[in-house]
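Read-outs throughout are calculated quantities, based only on the coordinates presented, and are distinct from any laboratory measurement. Just so it is clear, the model here is predicted, and its values are computed rather than measured. Cβ placement follows ideal geometry from the backbone for every residue including glycine, while neighbour counts extend to all protein chains displayed.
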Amino acid sequence: MDRSLNDYKRITVKIGSALLVEMGRLKRKWLESLADDLQALSEGGKEVMVVSSGSIALGRGVLGLPAGPLRLEQAQAAASVGQIALAQAYSEILGVRGLTAGQILLTLGDTEERRRYLNARETIGTLLRMGAVPIINENDSVATSEIRYGDNDRLSARVATMASADLLVLLSDVDGLYTAAPQTDPDAVFLPEVPQVTQEIEAMAGAPGTAFSSGGMKTKIDAARIVQSAGTSMIIASGNTMNPLDAIENGARATWFPAPSSPARARKTWISGHLKPRGTIQLDAGALKAVKAGKSLLPAGVTKVDGTFTRGDAVRITDADGHDVGRGLVAYDFGEASLIVGRNSKEIEAIVGYPGRAEMIHTDDLVLSTCEMDNS
Ligand code: GLU
């Protein structure tokens, strides 16, 4: 096994609070070294985004709150103060390296409710295409327990899959997964690679009474399960070093969780197999030829729409004779879709009243049953 960050194109890096904040103060030198690594990846043609913890720890320092557990409203106030300081630090530190930071604060609903998910996915994708670096955290100052992730391991897993990242790097104070708690068990064996999260693996992370499990390994294994099935690989590595990403490249100890397929392929499997179609979109012969060639489906090539679908729903795709040829996630609600059937994409704004997407179904969201169109 000889893996490299260079094998990946879109990388999400998750940073734990303890790496960034010490005694309520930002570890600026460390963040600068991480920014050097991000700059190197970006200059190497990678798209990078960061899920950063640290707002509560930092805000606590700024507000001078005492050590020990915080009440919810104190933690939320600390998050509010800390987040602004955190974002400013990222913006400055990335800025001097020629990288533009964009802040995104998410709550659970943004990754779990389809419409909000689509919007967040779109914003992150747009930032990445523009060469900016999304800096993401949970919106802790408004999220309360029942609508909260509470940990950035699982949040980063959902963000990575939402953004179709092909790699998630979890940086924390542990350097990987062991068969038992290495601090207390001399027989603990380090696992360099976990191809699949089995019950045995879960037991290693969650065995009660181990110091290791309370160190947050459970949420990291949850994250691995989320990402692997969506085609995103994951690494657990230590951030307790300067230039932690460069260190991984140079062989620092880390546990790799390789995904069995790519995000694009996993997404297409999900679209073709697991979604109940809520309508039908009929294509003319030219549009069918175009989508077979890997193009997106434009309204101009659609002859008919049927159903009760809303934006993001799965629809059946048929040829001019009504034969089923595939599935896709539609970019418009039925009402709007029926208005733009057969029309040129340039007319969309005048018809629906806002500058909607040029495609009825984007090629990433479209899978044909009769031919292989995904080259990823
Ligand atoms: N969102 C929290 C913060 O920024 C951190 C959650 C976690 O550490 O996993 O303070």
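Do the alpha carbons of any pairs in K220/K276; K268/K304; K29/K220 sit beyond 29 Å of each other, and which pairs?
On the way: K220/K276 31 Å; K268/K304 23 Å; K29/K220 26 Å.
Over 29 Å Cα-Cα: K220/K276.
When the dipole is taken about the Cα centre of the range 1-56, and only Lys, Arg (+1) and Asp, Glu (-1) are charged at their Cβ, what size is it in debye, to the nearest 20?
For this selection, approximately 220 debye.
Give me the dipole magnitude in Debye, nearest 20, for the range 181-313 about the Cα centre, with unit charges on the beta carbon: positive for Lys and Arg, negative for Asp and Glu.
So the dipole magnitude of the range 181-313 works out to roughly 940 debye.
Based on DSSP loop calls and a cut-off of at most 15 other Cβ atoms within 10 Å, the longest stretch of the chain free of exposed GluC sites (Glu not before Pro) is what?
That gives 114-371 as the longest site-free run.
Give the shape of the range 126-173 as rounded, prolate or oblate, defined through the alpha-carbon gyration tensor: a ≥ b ≥ c are the square roots of its eigenvalues, a/c under 1.5 means rounded, and otherwise the shape is prolate if a/b is larger than b/c and oblate if not.
prolate
What is the spin-label model distance, in nm, from E349 to R71 if the labels are put 7 Å beyond Cα along the C-beta direction?
For E349 paired with R71, the spin-label model returns 5.1 nm.
Which one of L20, L171, L72 has the biggest mean-square fluctuation once the chain is modelled by GNM with Cα springs under 10 Å?
L72
Per q in 0.17, 0.18, 0.23, 0.24 1/Å, what log10 I(q)/I(0) does a Debye calculation on the alpha-carbon atoms of the range 105-145 return?
Log-scaled intensity ratios, in q order: -0.49, -0.54, -0.79, -0.83.
Taking only Cα atoms and a 10 Å spring cutoff, compute GNM fluctuations for the chain and point out the largest among P244, P134, P66.
In the Gaussian network model the winner is P66.
Could you work out how far apart the two model spin labels at M242 and R25 are, taking each label as a point 7 Å from the Cα in the direction of the beta carbon, and quote it in nm?
Taking the two extended label points, one gets 1.8 nm.
Only Lys, Arg, Asp and Glu count, each charged at its Cβ (+1, +1, -1, -1), so figure out the dipole size of the chain about its Cα centre, rounded to 20 debye.
Dipole about the Cα centre, nearest 20: 580 debye.
Quick one: angle between helix 72-95 and the longest Cα principal axis of the chain, in degrees between 0 and 90, rounded to 10, please.
Long axis of 72-95 versus the principal axis of the chain: about 80 degrees.
Does the range 1-159 come out rounded, prolate or oblate by the C-alpha gyration tensor, with a ≥ b ≥ c the root eigenvalues, rounded set by a/c under 1.5 and, if not, prolate when a/b is larger than b/c and oblate if not?
The shape class here is oblate.
So what is the calculated 222 nm ellipticity per residue for the chain, using -39500 (n - 2.57) for each DSSP H run with n of 4 or more, over all residues, to the nearest 500 deg cm²/dmol?
-11000 deg cm²/dmol
With no solvent and one equal point scatterer placed on each C-alpha of the range 261-376, evaluate the Debye formula and give log10 I(q)/I(0) for q = 0.12, 0.13, 0.21 Å⁻¹, two decimals.
Summing over Cα pairs of the range 261-376 leads to -0.36, -0.43, -1.13.
Excluding residues fewer than 8 places away in the same chain, name every one of the aspartates and glutamates whose C-alpha is closer than 20 Å to that of K27.
D36, D37, E92, D173, D175, D246
Can you spot the lysines whose alpha carbon is less than 25 Å from K218's alpha carbon? Ignore those fewer than 8 places along the same chain.
Excluding near neighbours in sequence, the set is K14.
Name the residues whose placed amide hydrogens come within less than 5 Å of the amide hydrogen of G279, ignoring near sequence neighbours (fewer than 5 apart) on the same chain.
R316
For M234, list long-range residues whose amide hydrogen, built 1.01 Å from N in the peptide plane, is under 5 Å from its own amide hydrogen.
Close amide H contacts, sequence-distant or interchain: L168, F257, A259.
For K304, enumerate residues with amide H under 5 Å from its amide H, sequence gap 5+ or separate chain, H modeled in the peptide plane.
Long-range HN contacts for K304: Q282.
Per the Cauchy relation, a quarter of the hull surface: what is the mean projected area of the convex hull of the alpha carbons in the chain, in nm²?
With every direction weighted equally, the projected area is 20.4 nm².
In Å, the Kirkwood hydrodynamic radius of the range 79-226 over pairs of distinct alpha carbons?
17.1
Please list, or write none, the aspartates and glutamates whose alpha carbon is within less than 20 Å of the alpha carbon of K292, excluding same-chain residues fewer than 8 places away.
D284, D319, D321, D324, E359, D364, D365, E372, D374
Could you tell me what percent of the DSSP beta bridges with both partners in the range 263-321 are antiparallel, to the nearest 5?
Details: 5 of 8 bridges.
DSSP beta bridges in the range 263-321 are roughly 60 percent antiparallel.
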